[in-house]
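First the structure, in the form of structure tokens, and then the observations on it.
The values are calculated or read from the model by the stated rules, or taken from the named source; none is laboratory data. Owing to the predicted nature of the structure, the values given are computational and were not obtained by experimental measurement. Because the Cβ atoms are built from the backbone with ideal geometry, glycine has one as well, and the counts that use them run over all protein chains shown.
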Amino acid sequence: MNAAPRRFALIALHVLVVGLALHNVVMASLWRAGVRGHALDAVAAWKDVLLVASLALLVGARGLPWRRAGLVDALALAYAAFVVAYGLLPQSWLGGGAGHRGVLYAARHDLLPVGGYFLGRGLGLSASERHALCRTVLGTAAGVAAIGLVDVFAVPLSFWRRFSGWYGDQLGLHYFGLSGLPENFVYNAGNGVVYRRLTSTFLSPLATAYLLVVAMFLLPLRRRAGLALGLLLFAAVLWTHTRAALVALAAGLLLLALVRRAARPLLFAAVAVVLGLAFVKGYGHVAPRTHFTPTELREQERHAAQGPAPSYDATAAGESSTSEHLSSLRAGVRTVLHHPWGYGLGNAGVTAERTSVLPQAGESTYTELGVETGVAGGLVFVAWSLGLLVAVARRLPWLAAAFAAVLVIGIQTDVIGVPWLAVVAWALAGSAVGSPGADGAAAGTPSARTGPRARPT
């Protein structure tokens, strides 16, 4: 294989790891500086152009599918075929209401993990290349965590209110309660008491927390620097106040303990759960307090008056955010079961909201895909993801644990709607499938000379 295309694709993957973590804050800053509309859309497409160019070069050099294509590859291509087919089917046949723009947005959204997977799969990373990629992920995570901790304590919320037009004017996402910012920018403790959450360069506590969780499975804990970095990343996760991230972290550690038949991951899982619950419960004692503006406060009161009084106990099953997530998940499952042939692309989640279409499902990755590609398409995605998880677990348990955490998050959150996760997590998993030495000493297993220093737990 010509080395130049592969080298370009490898560098591109490193660029995507860093660039996708900075994407939101850079795009919002450009909007603030006056770059808007189609011009900003063109700039924002850098990630798609880079991913497609990398894949095109790899395909041109190695062909598609790559040699020794297996079941996981076939499932990835089958899922992609469902996405393409449902993008081409007339919406009137399916009962959907998305236009051409919504279909295109949804196709890009749904196919990102496929692109990430085949990028990692096609590179066929060596152990040293994978370790270098993990170092890039860890360096990016360290920067995201450090920036987020400084921001949450030192930058006032009023600074970020000036960027809210990026959500409403540019992305078409209209939020009601925080001057146009997403409501999850803060933790509303009720009675007008508001606390900041760590949002960092993603401008989102959720996306930030999910990146940090993935990175924690890559930590070289046998080194002192790894322990220090782990404390930094875990602290940042706590200040995102994202319970789903803590659950996913524990789930990944449990899988790691099961695959390795080791007790230490169980201890880490227990510590994460106990500290996480304590931190969530006492968040008001450690988080910086902020305030609603008078206009925002009136909007909050008006919205609260439309329904029953919500619970603000973050550890209670009936807490308002938890109730909303569960209600959305149940509604999405009902929709998929009652309309199993699907509504077509662009009828779920953020894509539907951006294009003024009634979302038939939201938040959960699996219900959104079930709505857009039918039960069959959603099940193929699940089969592909689980097949990929099993394939990675046989070679690199620590990486399988990170990927499992992402799949768990997908139950509540649209994980493939976070481009960093859709590209990087699936590329890392694909690299384990595509590496010729992934299940031997050359891949960095404990028998390899460099393995013990490269493994996380």
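Which of the residues spanning region 154-166 are in contact with a Phe, Trp or Tyr (Cβ under 9 Å, 6 or more places away or on another chain), of a type outside the set (A, V, I, L, M) and in a helix (DSSP H, G or I)?
From region 154-166, those in contact with a Phe, Trp or Tyr (Cβ under 9 Å, 6 or more places away or on another chain) are 157, 160, 163-166; that's our starting set.
In the following step, the residues that additionally are of a type outside the set (A, V, I, L, M) were identified as 160, 163-166.
Within region 154-166, 160, 165, 166 qualify.
Taking region 179-199, which residues are free of Cβ contacts under 8 Å to residues at least 40 places away in the same chain, outside any helix (DSSP H, G or I), out of contact with any Gly (no Cβ under 9 Å at 6 or more places or on another chain) and crowded, with 16+ Cβ neighbours inside 10 Å?
Passing the criteria: 181, 182.
Which residue pairs have Cβ atoms under 7 Å apart, sit 6 or more places apart or on different chains, and have a first residue in region 251-275 that is free of Cβ contacts under 8 Å to residues at least 60 places away in the same chain and under 14 Å from residue 397 (Cα atoms) and a second that is buried (at least 17 other Cβ atoms within 10 Å of the Cβ) and not small (Gly, Ala, Ser)?
These pairs meet every condition: 257/265.
What tally of residues in region 11-46 results from selecting those that are of a type outside the set (Val, Ile, Thr), crowded, with 19+ Cβ neighbours inside 10 Å and either within 16 Å of residue 424 (Cα to Cα) or in contact with a Ser or Thr (Cβ under 7 Å, 6 or more places away or on another chain) (or both)?
7
Pick out the one residue from 173, 212, 229, 218 that is surrounded by 22 or more Cβ atoms within 10 Å (Cβ to Cβ), not in a helix (DSSP H, G or I) and not acidic (Asp, Glu). Walk me through how you get there before you give the answer.
On the way: 173 fails: surrounded by 22 or more Cβ atoms within 10 Å (Cβ to Cβ); 212 fails: not in a helix (DSSP H, G or I); 229 fails: not in a helix (DSSP H, G or I).
Of 173, 212, 229, 218, the one residue that is surrounded by 22 or more Cβ atoms within 10 Å (Cβ to Cβ), not in a helix (DSSP H, G or I) and not acidic (Asp, Glu) is 218.
Restricting to helices (runs of 4 or more DSSP H) lying wholly in region 341-457: which have 2 or more residues that are touching a Ser or Thr at 6+ places or on another chain (Cβ under 6 Å), closer than 23 Å to residue 79 by Cα and at pLDDT 95 or above? If you could, list the steps in order and put the result at the bottom.
On the way: elements: 349-354, 365-395, 397-412, 426-434, 451-454.
Here the list reads 397-412.
So, of the residues in region 104-133 that are hydrophobic (A, V, I, L, M, F, W, C) and surrounded by fewer than 23 Cβ atoms within 10 Å (Cβ to Cβ), which turns out to be farthest from residue 18 (Cα to Cα)?
Start the filter on region 104-133 by keeping residues that are hydrophobic (A, V, I, L, M, F, W, C), which leaves 104, 106-107, 111-112, 114, 118-119, 123, 125, 127, 132-133.
With the extra rule that they be surrounded by fewer than 23 Cβ atoms within 10 Å (Cβ to Cβ), the set shrinks to 104, 107, 111-112, 114, 127, 132-133.
Numbers: 104: 25, 107: 24, 111: 20, 112: 17, 114: 20, 127: 20, 132: 13, 133: 11 Å.
Among those that are hydrophobic (A, V, I, L, M, F, W, C) and surrounded by fewer than 23 Cβ atoms within 10 Å (Cβ to Cβ), it is 104.
From (1) at pLDDT below 65; (2) exposed (fewer than 13 other Cβ atoms within 10 Å of the Cβ); (3) among the hydroxyl-bearing types (Ser, Thr, Tyr), pick out the condition that doesn't hold for residue 295.
Only one criterion is unmet by residue 295, namely (1).
Is it the case that some residue within region 203-224 is among the hydrophobic types (A, V, I, L, M, F, W, C) and either in contact with a strand residue (DSSP E or B) (Cβ under 8 Å, 6 or more places away or on another chain) or at positive phi (or both)? Steps first, please.
Initially, region 203-224 is screened for residues among the hydrophobic types (A, V, I, L, M, F, W, C), giving 203, 206-207, 209, 211-219, 221.
Now narrow it down to the ones that are either in contact with a strand residue (DSSP E or B) (Cβ under 8 Å, 6 or more places away or on another chain) or at positive phi (or both): 203.
Within region 203-224, one or more residues are among the hydrophobic types (A, V, I, L, M, F, W, C) and either in contact with a strand residue (DSSP E or B) (Cβ under 8 Å, 6 or more places away or on another chain) or at positive phi (or both).
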